[in-house]
Amino acid sequence: MLVVLPMGLWVFSLIADLFSAAGRGDVWKDVAFYTMAGGIAGALIAAIPGLIDFFSLKESLARRLALYHMIVNLAATAIFAVNFYLRLSQPLNGLLPIGLSVVALVLIGAGGWLGGELVYVRGVGVEPPALPRRNAPGLREIPGGRARRIV
């Protein structure tokens, strides 16, 4: 949840900007502003366990992928922070806020791909399944070295 909440808020911020640019009302500028702020806060909170995981990595390839993952996601968060700051100083119109959001979301997509590589390919942060004890009550070994529960 720490990862998907900021991503969802940022995607919705872009959608709100698109509604605002289409002339659907000024309320969409406010929605984009607050969802962007929530996404930035959520990303900074999600970075804490990510940093802890990063420093626990021993394998060099996983550590390098994690470093790229961190850099790309921090760059996207920085772009959203600049976008947010510009909105604080003056109401933004036109393509600048939309363009910044699109660039940042493309980076988030790349960071998500790197995160998927870390988790699903390299097994970072995934605890291997526990193997059943041999000769445990109610278990019988079947061919292939696996155990099956006897009902």
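The figures follow:
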{"read-out": "Residues satisfying the stated conditions in the stretch 111-124, i.e. out of contact with any Phe, Trp or Tyr (no Cβ under 9 Å at 6 or more places or on another chain) and surrounded by fewer than 20 Cβ atoms within 10 Å (Cβ to Cβ)", "value": "GLY112, TRP113, GLY116, GLU117, VAL119, TYR120, VAL121, ARG122, GLY123"}
{"read-out": "Residue among ALA43, ALA32, ALA81 that alone is open to solvent by less than 50 Å² (accessible area, probe 1.4 Å), in a helix (DSSP H, G or I) and at pLDDT below 95", "value": "ALA32"}
{"read-out": "Residue in the stretch 9-23 that is among the acidic types (Asp, Glu) and without any contact (Cβ under 8 Å) to a residue 60 or more places away in the chain present", "value": "no"}
{"read-out": "So PHE55, is it among the aromatic types (Phe, Trp, Tyr), in a helix (DSSP H, G or I), under 19 Å from VAL119 (Cβ atoms) and over 16 Å from the mean Cα position of the chain (by Cα)", "value": "yes"}
{"read-out": "Number of the condition not met by PHE12 [criteria: (1) at pLDDT 90 or above; (2) within 13 Å of GLY112 (Cα to Cα); (3) open to solvent by 70 Å² or more (accessible area, probe 1.4 Å)]", "value": "(2)"}
{"read-out": "Residue within the stretch 50-71 that is open to solvent by 40 Å² or more (accessible area, probe 1.4 Å), of a type in the set (A, V, I, L, M), in contact (Cβ under 8 Å) with a residue 12 or more places away in the chain and farther than 22 Å from PRO6 by Cα present", "value": "yes"}
{"read-out": "Residue match in the stretch 96-108 (condition: open to solvent by 40 Å² or more (accessible area, probe 1.4 Å) and modelled with pLDDT under 90)", "value": "yes"}
{"read-out": "Residues of the stretch 87-132 satisfying the condition of being more than 23 Å from ASP26 (Cα to Cα) and outside any helix (DSSP H, G or I)", "value": "ARG122, GLY123, VAL124, GLY125, VAL126, GLU127, PRO128, PRO129, ALA130, LEU131, PRO132"}
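The values are calculated or read from the model by the stated rules, or taken from the named source; none is laboratory data. The shown structure was predicted, so the numbers you read here are calculated from the model rather than taken from an experiment. Because the Cβ atoms are built from the backbone with ideal geometry, glycine has one as well, and the counts that use them run over all protein chains shown. Note: accessible area is taken over every heavy atom of the protein model, side chains too, but ligands, DNA and RNA are not part of it. Shrake-Rupley method; radii C 1.70, N 1.55, O 1.52, S 1.80 Å.
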